[in-house]
Amino acid sequence: MPELDFKGKEFVYNHHLAIPHRPLIPRPDKSIGEPRLDGNLIVHGDNLHALKALLPLYAGRVDCIFIDPPYNTGNEGWSYNDNVNSPMLREWLDSNPVGIEDGLRHDKWLCMMWPRLRLLHELLSESGSFWMTLDDNEIHRARMMLDEIFGESHCIGQLRAIASTH
């Protein structure tokens with residue numbers, strides 16, 4: 001199977017392992033009814049830390065995952081902000097937000113997505129399904145990354161929406 005290569009991959013390949021576990025702290029003032037950790041949850045926080053906090057309770061138990069990451073059109077103004085111990089990636093923090101003129105915007109997007117997808121893979125159950133919305137800016141890179149993380153044989157298919165010109 002071909003392997004996706006991008007600038008920074010060696011620094012983020014196992015970055016999800018270095019993210020510290022943080023406890024999930026129920027907030028009664030934000031809850032409806034008695035707050036519980038064994039049901040439907042709304043988790044507020046950085047998505048990388050939130051995913052890591054869910055692992056102890058939900059690893060291999062999530063049946064459906066849906067994500068809507070930045071499409072990386074160059075117009076969103078998203079920022080790469082992971083605290084990866086690498087001078088190259090630390091330099092990226094100074095060049096935020098990621099814009100259309102950024103020649104490394106695809107590499108930054110992949111570096112941002114890689115550890116999150118690794119954690120999502122750990123959360124997904126054996127019979128679970130994973131859904132992601134994207135447009136043509138990153139879909140081919142995302143597919144290669146998903147094949148590498150989840151396994152090429154696990155992709156059932158892709159849906160593509162065509163806009164009408166009428």
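The values are calculated or read from the model by the stated rules, or taken from the named source; none is laboratory data. Values in this document were obtained by computation on a predicted structure and should not be read as measured data. FYI the Cβ positions are ideal-geometry reconstructions off the backbone, even for glycines, and counts take in every protein chain you see. For the accessible areas, the whole protein counts, side chains as well, though only heavy atoms, and no ligand, DNA or RNA atoms are used. Shrake-Rupley method; radii C 1.70, N 1.55, O 1.52, S 1.80 Å.
Key figures for this structure:
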| read-out | value |
| --- | --- |
| Condition met for Leu110 (hydrophobic (A, V, I, L, M, F, W, C), free of Cβ contacts under 8 Å to residues at least 24 places away in the same chain and in a helix (DSSP H, G or I)) | no |
| Every residue from the stretch 94-105 that is open to solvent by 50 Å² or more (accessible area, probe 1.4 Å) and closer than 16 Å to Lys9 by Cβ | Leu104 |
| Members of the stretch 42-70 found to be touching a Phe, Trp or Tyr at 6+ places or on another chain (Cβ under 9 Å) and either in a loop (DSSP other than H, G, I, E, B) or of a type in the set (Val, Ile, Thr) (or both), listed by number | Ile65, Ile67, Pro69, Pro70 |
| Pairs where the first residue, in the stretch 140-151, is under 10 Å from Trp114 (Cα atoms) and the second is in a helix (DSSP H, G or I) and modelled with pLDDT of 95 or more, C-beta under 7 Å, 6+ apart | Met145/Leu110; Met145/Met113; Met145/Trp114; Met145/Leu117; Leu146/Leu117; Ile149/Leu117; Ile149/Arg118; Ile149/His121 |
| Inter-residue pairs, beta-carbon under 7 Å, first under 30 Å from Ser125 (Cβ atoms) and in the stretch 65-82, second among the aromatic types (Phe, Trp, Tyr) and part of a strand (DSSP E or B), 6+ apart | Ile65/Phe130; Ile65/Trp131; Phe66/Trp131 |
| Selection status of Glu101, touching a residue at least 24 places away in the same chain (Cβ under 8 Å) and assigned to a loop (DSSP other than H, G, I, E, B) | yes |
| Matching residues in the stretch 15-60 - criterion: being in contact with a helix residue (DSSP H, G or I) (Cβ under 9 Å, 6 or more places away or on another chain), open to solvent by 40 Å² or more (accessible area, probe 1.4 Å), free of Cβ contacts under 8 Å to residues at least 60 places away in the same chain and not aliphatic (A, V, I, L, M) | Pro20, His21, Arg22, Pro23, Glu34, Asp38, His44, Gly45 |
| Residue count, the stretch 80-93 (criterion: open to solvent by 40 Å² or more (accessible area, probe 1.4 Å), in contact with a helix residue (DSSP H, G or I) (Cβ under 8 Å, 6 or more places away or on another chain) and either part of a loop (DSSP other than H, G, I, E, B) or under 17 Å from Glu138 (Cα atoms) (or both)) | 2 |
| Residue that is farthest from Met112 (Cα to Cα), among those in the stretch 63-79 that are within 15 Å of the chain's Cα centre (by Cα) and open to solvent by less than 80 Å² (accessible area, probe 1.4 Å) | Ile65 |
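Quick grid of which residues meet (1) small (Gly, Ala, Ser); (2) over 24 Å from Met144 (Cα atoms):
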| site | (1), (2) |
| --- | --- |
| Pro20 | no, yes |
| Ile32 | no, yes |
| His49 | no, yes |
| Tyr58 | no, yes |
| Cys64 | no, no |
| Ser79 | yes, no |
| Asp102 | no, no |
| Leu110 | no, no |
